[in-house]
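For reference, the structure is listed below as structure tokens.
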Amino acid sequence: MGQLRGAFSAFTTVRVTAIASLTPLEELEADPFLVDSRSQHAMCARWAAERGYTVARELLVGGLRFDHRALWDGVRPGIDLFVAPSLRVLRRALSSVEEFTAECARRGVRVETVGRAEPAYDAQMKAHVHRRLSMPTAGYDGR
């Protein structure tokens with residue numbers, strides 16, 4: 001069965017669900033990376049591209065239950081996987097990483113973390129994140 005799954009995967013695009021943490025803007029000074037969901041998703045996208053995978057969904061969640069429909073909608077065993085920048089992002093994004101990883105194992109879906117160093121944020125980068133997140137309805141697109 002393992003060879004069949006490997007052969008099937010070789011001809012099927014691996015679809016990635018990138019998980020980022022929904023962290024309040026008020027925490028920007030203390031923990032900018034957790035607030036900067038755009039950088040979290042970008043880190044996941046680079047990781048996926050390096051492996052030839054396709055990011056099919058980007059989730060921005062905070063304290064989500066492991067069995068919430070938003071996580072599992074359309075997920076296919078052996079083809080799809082979840083990725084987050086780090087375990088600490090998963091801990092913020094999900095109510096229980098342990099229950100989530102157990103559910104992934106039960107459903108035959110991989111969970112990965114990028115495992116790269118988080119960017120260092122200076123005052124200018126923090127200000128950029130603050131503008132992007134505090135002015136979304138004013139037409140500011142974050143550039």
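The values are calculated or read from the model by the stated rules, or taken from the named source; none is laboratory data. Nothing here was measured: the structure is a model prediction, and the numbers come from that model. Note that we place each Cβ from the backbone using ideal geometry, even for glycine, and neighbour counts take in every protein chain shown. In case anyone asks, the SASA skips ligands and DNA or RNA and just uses the protein heavy atoms, side chains included. Shrake-Rupley method; radii C 1.70, N 1.55, O 1.52, S 1.80 Å.
In the stretch 1-48, the qualifying residues are those that are of a type in the set (S, T, N, Q) and surrounded by fewer than 20 Cβ atoms within 10 Å (Cβ to Cβ), and the one that is modelled with the highest pLDDT is Ser39. Out of the stretch 106-130, which residues are of a type in the set (A, V, I, L, M, F, W, C), over 21 Å from Val61 (Cα atoms) and more than 16 Å from the chain's Cα centre (by Cα)? The answer is Ala120, Ala123, Met125, Ala127. Can you confirm whether Arg131 is open to solvent by 80 Å² or more (accessible area, probe 1.4 Å), among the charged types (D, E, K, R) and farther than 19 Å from Thr23 by Cα? Answer is no for this residue.
Entry remark, the stretch 49-65: residues being part of a helix (DSSP H, G or I) and either in contact with a strand residue (DSSP E or B) (Cβ under 9 Å, 6 or more places away or on another chain) or open to solvent by less than 50 Å² (accessible area, probe 1.4 Å) (or both) number 1 in total. Reported count of residues in the stretch 66-93, each being open to solvent by 40 Å² or more (accessible area, probe 1.4 Å) and out of contact with any Leu (no Cβ under 8 Å at 6 or more places or on another chain), is 9. Which pairs have Cβ atoms under 6 Å, sit 6 or more apart or on different chains, and link a residue in the stretch 28-40 that is of a type outside the set (Asp, Glu) to one that is assigned to a loop (DSSP other than H, G, I, E, B)? Within 6 Å, the pairs are Pro32/Tyr121; Phe33/Glu118; Leu34/Thr23; Val35/Thr23; Val35/Leu28; Gln40/Pro85.
Scanning the stretch 106-136 for residues that are among the hydrophobic types (A, V, I, L, M, F, W, C), touching a residue at least 12 places away in the same chain (Cβ under 8 Å) and outside any loop (DSSP other than H, G, I, E, B) returns Val111, Met125, Val129, Leu133.
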